[in-house]
Amino acid sequence: MKDISLTISGLLLLVFAILPGLPGERLYHLLVGANWREDHWQRVLRLLGFSLFGVTLYARIAPIVGAPPPPYLSPAVFQGSVADPNFIDTLAIALLGHFAASGLGGLLAGSITRVFARLFSATVHPSAWDHFIRDYCAKGQRIVVGLESGEYYSGLFDMADLSVSNSEREIVLREPAILRRDHAEYVAMGASCIFLSSKLIVSIAIADKPPMLGKDITSSQETDCDPRESNRQGEIKRLRGAQPKRSTGRLRHR
């Protein structure tokens with residue numbers, strides 16, 4: 001029975017050792033981005049690193065602010081703390097401080113990585129795709145997307161998948177327009193947004209100036225001249241033709 005309790009305590013300690021590292025990992029990814037090529041053991045190792053930083057920082061600050069020490073530093077301490085009637089409160093406060101300190105560690109690690117990348121003219125992101133989308137494509141910015149078919153779409157950037165493999169890099173555009181080569185202008189598609197699959201995308205460019213937009217491609221084709229205007233012009237011509245012609249000859253005097 002004692003061995004079983006030690007095993008359960010060990011499993012709980014393992015959970016408490018990894019779980020508090022999640023805030024640090026999340027903040028680190030927000031600043032740097034996730035590398036989809038890395039192995040799972042690398043992420044687990046980073047989680048342990050943020051968790052270890054968090055518990056160390058909390059253990060240093062807890063006596064200063066009067067907070068309880070973490071009761072899960074070792075199986076023996078954990079088993080001895082379970083009998084305490086205030087165990088739940090102590091555990092909750094310690095975990096809260098542990099999570100907060102871990103998040104601070106992720107924030108510091110991401111910020112330091114970005115500073116070093118700027119000093120050495122490098123990128124902190126795991127791929128050129130993440131670097132382009134995160135640092136250059138702002139939401140609502142006009143971009144031009146080239147497809148394998150030779151078509152070009154222009155629209156307002158809405159979102160794109162990040163930290164994913166090449167086959168999962170989709171883009172959503174708002175107010176899309178398609179290039180009509182015969183008129184050398186972009187024609188509005190009449191749709192609020194469009195989804196472009198990664199299998200179709202070849203290139204993406206940021207438009208410094210809004211492209212020239214033509215008529216709505218979904219509207220009915222109109223002639224260059226308004227029919228009402230044509231009827232009006234024809235009526236004017238008929239009225240002019242009905243008027244008597246002025247004589248241009250000279251009058252003869254008898």
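Assorted remarks:
- Selection within segment 183-193 - in a strand (DSSP E or B) and crowded, with 16+ Cβ neighbours inside 10 Å: Tyr186, Val187, Ala188
- Single match in Gly140, Gly150, Gly155 (criterion: more than 18 Å from Leu31 (Cβ to Cβ), buried (at least 17 other Cβ atoms within 10 Å of the Cβ) and either touching a helix residue (DSSP H, G or I) at 6+ places or on another chain (Cβ under 9 Å) or not assigned by TED's automatic domain parsing to the domain that holds Arg43 (or both)): Gly155
- Those helices (runs of 4 or more DSSP H) of segment 70-182 in which 2 or more residues are aromatic (Phe, Trp, Tyr) occupy 87-119, 128-136.
- Condition check for Ala17 on (1) in a helix (DSSP H, G or I); (2) over 33 Å from the mean Cα position of the chain (by Cα); (3) modelled with pLDDT under 90: one failure, at (2).
- Given (1) in the same structural domain as Ser197 (by TED's automatic domain parsing); (2) within 23 Å of the chain's Cα centre (by Cα), number of the condition Leu107 does not satisfy: (1)
- Residue that is modelled with the highest pLDDT [pool: residues in segment 195-224 that are more than 20 Å from the chain's Cα centre (by Cα) and of a type in the set (Gly, Ala, Ser)]: Gly214
- Residue under evaluation Ser102, criteria (1) more than 38 Å from the chain's Cα centre (by Cα); (2) crowded, with 18+ Cβ neighbours inside 10 Å, criterion not met: (1)
- Residue in segment 83-97 that is touching a Gly at 6+ places or on another chain (Cβ under 6 Å) and within 21 Å of Gly110 (Cβ to Cβ) present: no
- Pairs with Cβ under 8 Å, 6+ apart, first in segment 51-71 and farther than 11 Å from His98 by Cα and assigned by TED's automatic domain parsing to the domain that holds Glu25, second in a helix (DSSP H, G or I) and among the β-branched types (Val, Ile, Thr): Ala67/Ile61; Ala67/Ile93; Pro68/Thr90; Pro68/Ile93; Pro71/Val77; Pro71/Thr90
The values are calculated or read from the model by the stated rules, or taken from the named source; none is laboratory data. In this text, all values refer to a predicted model and were calculated from it rather than measured experimentally. Please note: Cβ atoms are built from the backbone with ideal geometry, for glycine as well, and neighbour counts cover all protein chains shown.
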